[in-house]
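Throughout, read-outs are computed from the coordinates displayed, never taken from laboratory work. No experiment lies behind these values; they were computed from the predicted model shown. As a convention, Cβ positions derive from the backbone with ideal geometry for all residues, glycine included, and neighbour counts pool all protein chains shown.
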Amino acid sequence: MSDAEKTSDEKASDATGLSRRGLMGLALGAGATGLVVGAGGGLVGGQAYALEQQKAMRDAAAATTGIHQPGITTPVQEHLHFAAYDMMARTTRDDLAELLSDWTYAATRMMQGLEVTATGAVGGSPEAPPDDTGEALGLPASNLTITFGFGPSLFDARFGLEDQRPDGLERLPAFLGDDLDPLRSDGDLCIQACADDPQVAVHAIRNLSRIAFGRATIRWSQLGFGRTSKTTSEQTTPRNLFGFKDGTANILADDTAALDENVWVSASEGPAWLAGGSYLVARRISMLIETWDRTRLAEQDRVIGRDKAKGAPLSGGDEFTAPDFAATGSAGAPAIDPRSHVRRAHPDTNGGIRLLRRGYNFVDGTTDLGRLNAGLFFLSFQKSPQRYITVQKALSTDAMNEYVRHVGSGLWAVPPAPAAGSSVGAGLLGS
């Protein structure tokens, strides 16, 4: 189709890099009752940009950073906005493909520190809702990463994806002590937005949700602060809300052998569209803060299996000394309690399984009883769901269970990064 034959709506789509549905989402998702049209009946804004410039921007938005999506081995940022979505009733496979294309375009721009379209927050018509919400104007990209995942419920007859479901991509089983809220669990799709500025992370989810208007709706979301792990040796080990160092033995980005063994799905371990990807588990874990705060220090150390001050295992050494589970104390008892968190979660207890963790603290105000509604938003990446299930089952006898409750849960397949000129999930949808 020549440029002269295109409708004004199609020209606007070319100019912004989003589909017509994505443009409508930006307008209607902002609370407008309808699109503002110009004298010719087309959407106002964006047409003033040269198509050659927009093609260059579209190509830049399709550029990849490697085989894997960002936000997995990327140095863990300080803030999180996580959201799970459900596709709306009567949406089609084409709707899903179009949404993922729109999300890929906007996400790549935002990760570059740009607005969601070239028109942005202030460059369009004053009579139309802005394409970008604008709260990140003037802010740097803040190491923003945006990671997309596909839940088990996406692989059904709605989109003809039944035969593409990976083995093991099922709703996680019930674990001992679970008290899950269905309104904080699962979802067809998920987006993990991490940044060193909380406003940048919130801006990402806010704008991607607007773009999804009419195609997908947020099922639940979670804000997080204060990383509880590290993915590079340069990062210091953070502390969680129990005051203990967390993520000491996490898999690091430069440990390619450990990543291949524990995190990345190989071509022989899943469907072709998932090769180079991973599986993401999210668990909202409520911490009984007030109970923990009244627990004596020696008991806290015993429950965790580490010294609170140094982070060293109770068998001796420093933070990075490997735990010696055979070591005994002065009374002959194990120096590290067999029910301690360190022992129950350790690879030696779980057939060598290691998880790449990217969790965050959260505080969501107070409960009806006036207690902190706080805890850990646990995030882990692993090459199969069964690996997480094995570790979580081992934690059924964890002494820390007296102080935590798992109240939200979800599992998603995380595809590899899109090829240049393509969108996330293109291998799954054949688009």
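With θ taken as phi - 60° and the coefficients 6.51, -1.76 and 1.60, list the Karplus ³J(HN,Hα) couplings across segment 365-377 in order, rounded to whole Hz; mark glycine and proline as x.
Along segment 365-377, the couplings run x, 10, 7, 4, 8, x, 9, 4, 8, 9, x, 10, 8 Hz.
If only Cα atoms are counted, what is the Rg of the chain, and what is its Dmax, in Å?
23.3, 87
Here are some pairs, LYS230/LYS310; LYS308/LYS393; LYS310/LYS383; which of them have Cα atoms lying more than 22 Å apart in this structure? Can you show the working numbers first?
Numbers: LYS230/LYS310 17 Å; LYS308/LYS393 25 Å; LYS310/LYS383 32 Å.
Among LYS230/LYS310; LYS308/LYS393; LYS310/LYS383, the Cα-Cα distance tops 22 Å for LYS308/LYS393; LYS310/LYS383.
Would you kindly work out the equivalent ellipsoid of segment 257-346 from its C-alpha gyration tensor and give its semi-axes, the square roots of five times the eigenvalues, largest first in whole Å? If you can, show how the numbers build up before the last one.
Values: eigenvalues 241, 72, 22 Å².
Listed largest to smallest, the semi-axes of segment 257-346 are 35, 19, 11 Å.
When Rg is the radius of gyration of the Cα atoms in segment 170-326 and Rh is its Kirkwood radius, what does Rg/Rh come to? Walk me through the intermediate numbers first.
Working: Rg = 19.1 Å, Rh = 19.2 Å.
Taking Rg over the Kirkwood Rh, I get 1.00.
What ranking of ASP348, ASP178, ASP368 emerges when the number of other C-beta atoms within 10 Å of each C-beta is taken as an exposure proxy, fewest first?
Details: ASP348 10, ASP178 16, ASP368 6.
Least to most surrounded, the residues fall as ASP368, ASP348, ASP178.
Which of ARG405, ARG306, ARG210 has the fewest other C-beta atoms within 10 Å, and how do the rest follow up to the most? Don't jump to the answer; show the numbers that get you there.
Numbers: ARG405 15, ARG306 25, ARG210 22.
Fewest to most other Cβ atoms nearby, the residues stand as ARG405, ARG210, ARG306.
What is the sum of charges around GLY160, taking Lys and Arg as +1, Asp and Glu as -1, for the other residues whose C-beta is under 14 Å from the C-beta of GLY160? Kindly include the intermediate steps, with their values, before the conclusion.
Values: positive: ARG93, ARG158, ARG165; negative: ASP94, ASP95, ASP156, GLU162, ASP163.
Combined, the nearby Lys, Arg, Asp and Glu give -2.
Whole-Hz Karplus ³J(HN,Hα) for segment 412-417, in order, using 6.51 cos²θ - 1.76 cosθ + 1.60 and θ = phi - 60°, x for Gly and Pro?
Per residue, the Karplus-derived 3J(HN,Hα) values read 9, 7, 10, x, x, 5 Hz.
So how strong a dipole does segment 258-362 carry about its Cα centre when Lys and Arg Cβ are +1 and Asp and Glu Cβ are -1, to the nearest 20 debye? Intermediate values should be presented prior to the final figure.
Working: 14 positive and 13 negative charges, 78 e Å.
Here the size comes out at about 380 debye.
For a bin width of 5 Å, list the pair-distance distribution of segment 357-424 built from all Cα-Cα distances, rounded to whole %.
Taking all Cα pairs of segment 357-424, the binned fractions are 3, 11, 16, 21, 16, 12, 9, 6, 4, 2, 0 percent.
Mind running the shape call on segment 156-206? Use the C-alpha gyration tensor, a ≥ b ≥ c as the square roots of the eigenvalues: rounded below 1.5 for a/c, prolate if a/b tops b/c, oblate otherwise. Don't jump to the answer; show the numbers that get you there.
Numbers: a/c = 2.63, a/b = 1.38, b/c = 1.91.
Oblate is the answer for segment 156-206, as a/c is 1.5 or above yet b/c matches or exceeds a/b.
Pull up all non-local amide H partners of GLY410: gap of 5 or more, or a different chain, and H-to-H distance under 5 Å with H placed in the peptide plane.
It is ASP186, ALA282, by chain and number.
Report ³J(HN,Hα) in whole Hz for each residue of segment 214-230, in order, from the Karplus equation J = 6.51 cos²θ - 1.76 cosθ + 1.60 where θ = phi - 60°; Gly and Pro get x.
After applying 6.51 cos²θ - 1.76 cosθ + 1.60, I find x, 10, 9, 10, 5, 8, 6, 8, 8, 8, x, 9, x, 3, 10, 6, 9 Hz.
About the Cα centre of segment 320-368, how large is the charge dipole given +1 on each Lys and Arg Cβ and -1 on each Asp and Glu Cβ? Please answer in debye to the nearest 20.
Details: 6 positive and 5 negative charges, 45 e Å.
The calculation lands at about 220 debye.
Suppose every Lys and Arg Cβ carries +1 and every Asp and Glu Cβ carries -1, with no other charges. What dipole size does the chain come out with about its Cα centre, to the nearest 20 debye? Each step should come with its number before you reach the end.
Details: 40 positive and 51 negative charges, 159 e Å.
Its charge dipole is roughly 760 debye.
Just to check, using Stokes-Einstein with a Kirkwood Rh over alpha carbon pairs, what's the diffusion coefficient of segment 305-346 at 37 °C and 0.692 mPa s in µm²/s?
Numbers: Rh = 10.1 Å.
The calculation lands on 324 µm²/s.
Would you mind ranking PHE325, PHE82, PHE150 so that the residue whose beta carbon has the fewest other beta carbons within 10 Å leads the list? Mind showing how you got there, number by number?
Details: PHE325 19, PHE82 25, PHE150 29.
Ranked by crowding around the Cβ, least crowded first: PHE325, PHE82, PHE150.
Measure nothing fancy, just the Cα-based angle from helix 198-211's long axis to the longest principal axis of the chain, in degrees from 0 to 90, nearest 10.
On a 0 to 90 degree scale, this one is about 50.
Counting only residues 5 or more places away or on other chains, whose amide H sits under 5 Å from the amide H of ALA249 once H atoms are built in the peptide plane?
none
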